[in-house]
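The values are calculated or read from the model by the stated rules, or taken from the named source; none is laboratory data. Note that the structure is a prediction, hence the values are computed from the model and not measured. We place every Cβ from the backbone using ideal geometry, glycine too, and count neighbours over all the protein chains shown. For the accessible areas, the whole protein counts, side chains as well, though only heavy atoms, and no ligand, DNA or RNA atoms are used. Shrake-Rupley method; radii C 1.70, N 1.55, O 1.52, S 1.80 Å.
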Amino acid sequence: MLKPSDMGPALITGCSSGVGYATALAFRAAGFETFATARNSAQLGELRAAGCQILTLDVTDEAARRAAIEAVERQFGSIGILVNNAGYGQYGPVEEISLDDMRRQFETNVFGSLRLSQLVLPAMRRIGRGRIVNVSSVAGRVSALGGGAYHASKFAVEALADALRPEVEPFGIDVVNVLPGPISTRFEAVLLKSIPDTGVQSPYFLFKERLAHRMHEFLQPGAFGVMTAETVAAIILKAGTAKRPRTRYSVGFIARFGPLGRVLAPDRIVDFVTRRSIQNTRSK
Ligand code: NAP
């Protein structure tokens with residue numbers, strides 16, 4: 001593990017809850033100068049008390065992105081580790097996802113982290129070191145019905161990382177993706193609210209009810225493969241500080257073995273099995 005003095009400060013997005021909150025605590029406990037950020041920095045009092053520096057950052061806001069990066073660079077010259085964690089799941093059948101909702105999903109999950117990466121790179125290049133850790137998902141390796149928008153955004157995060165990593169490697173900078181399976185956080189509540197409500201006349205009405213119930217079951221603490229935010233934060237810390245990190249860390253059983261099953265099974269078998277898993281879920 002590289003020491004904080006070898007790496008410089010860490011900046012983490014989306015620290016108001018879940019994985020971001022736990023990651024900020026983990027970096028701070030490991031001795032890093034830690035910048036915890038959130039849209040509403042009033043939610044970061046506990047992280048401030050734990051010794052983190054606090055910044056307001058909506059990852060979709062260019063002025064806020066620049067201000068946050070500049071604040072760290074003014075103090076330290078360069079960000080050592082950028083953890084692109086902020087994100088949410090837009091769920092619902094593809095036909096009913098408005099382009100505005102699709103754009104919002106990409107503005108946060110894809111363009112937010114892409115732009116922050118672009119903004120930290122010049123100072124990282126100048127100093128000849130730096131690391132970008134993207135909190136991606138098994139959803140970036142395997143797509144499934146009901147999650148098209150979210151999966152598309154995480155597939156994009158995966159594709160961008162494979163391009164960026166070898167582009168910045170000559171400058172001493174590394175890009176590492178962390179792909180967790182299900183984690184019990186506020187993600188579920190946000191996901192359930194995102195499913196478009198288009199009334200009982202929708203041809204997807206029953207499907208959406210079952211999808212909501214299925215996702216509720218899938219993300220329940222204690223359900224098969226569901227992890228805590230702290231478990232994932234420990235892997236993010238490892239991804240950020242390992243001397244020779246892997247390019248990807250798949251976290252948990254579902255993330256490690258799900259993509260393997262997906263590659264081995266023909267598309268129509270996967271379609272059948274995933275459709276059945278929702279059909280067999282009774283709505284609440
Ligand atoms: P969470 O508890 O809902 O946390 C999401 C965080 O992202 C919150 O702090 C939220 O802030 C922030 N956020 C959302 N939009 C933002 C924006 N425009 N600007 C800044 N921050 C924003 O969920 P989580 O599980 O910790 O999710 C963290 C990451 O893990 C996400 O990228 C997610 O895709 C990924 N992930 C989650 C799971 C899972 O099952 N939970 C599995 C795999 C990967 P607000 O309080 O302002 O909304």
*Name every residue in segment 23-53 that is open to solvent by 10 Å² or more (accessible area, probe 1.4 Å) and within 20 Å of the chain's Cα centre (by Cα), in order of residue number.*
LEU25, ALA26, ARG28, ARG39, ASN40, SER41, GLN43
*Sort out which residues of segment 1-22 are surrounded by fewer than 24 Cβ atoms within 10 Å (Cβ to Cβ) and more than 15 Å from the ligand (Cβ to nearest atom), and write them in order of number.*
MET1, LEU2, LYS3, PRO4, SER5, ASP6, MET7, GLY8, PRO9
*asked:* Considering only residues that are surrounded by 19 or more Cβ atoms within 10 Å (Cβ to Cβ) and of a type in the set (A, V, I, L, M), which ones fall in segment 185-207?
replied: LEU191, ILE195
*Please determine, by comparing only the residues of segment 160-184 that are surrounded by fewer than 19 Cβ atoms within 10 Å (Cβ to Cβ) and within 16 Å of the ligand (Cβ to nearest atom), which one is nearest to LYS208 (Cα to Cα).*
SER184
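If you go through segment 225-237 one residue at a time, do you hit one that is within 30 Å of ARG129 (Cα to Cα) and of a type in the set (Asp, Glu)? Show your work before the answer.
Step one: of segment 225-237, the residues within 30 Å of ARG129 (Cα to Cα) are 229-237.
If we keep only those that are of a type in the set (Asp, Glu) too, we end up with 230.
Within segment 225-237, one or more residues are within 30 Å of ARG129 (Cα to Cα) and of a type in the set (Asp, Glu).
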*asked:* Could you tell me how many of the residues in segment 80-104 are surrounded by fewer than 23 Cβ atoms within 10 Å (Cβ to Cβ) and within 16 Å of ASP58 (Cβ to Cβ)?
replied: 3
*So, of the residues in segment 116-143 that are over 22 Å from ALA242 (Cβ atoms) and within 13 Å of the ligand (Cβ to nearest atom), which turns out to be nearest to the chain's Cα centre (by Cα)?*
ALA139
*Residues located in segment 88-115, provided they are more than 13 Å from the chain's Cα centre (by Cα) and away from the ligand (no atom under 12 Å from the Cβ)*: GLY92, PRO93, VAL94, GLU95, GLU96, ILE97, SER98, LEU99, ASP100, ASP101, MET102, ARG103
*Which helices (runs of 4 or more DSSP H) sit wholly inside segment 194-284 and have at least 3 residues that are within 16 Å of the ligand (Cβ to nearest atom)?*
205-218, 229-241, 253-264
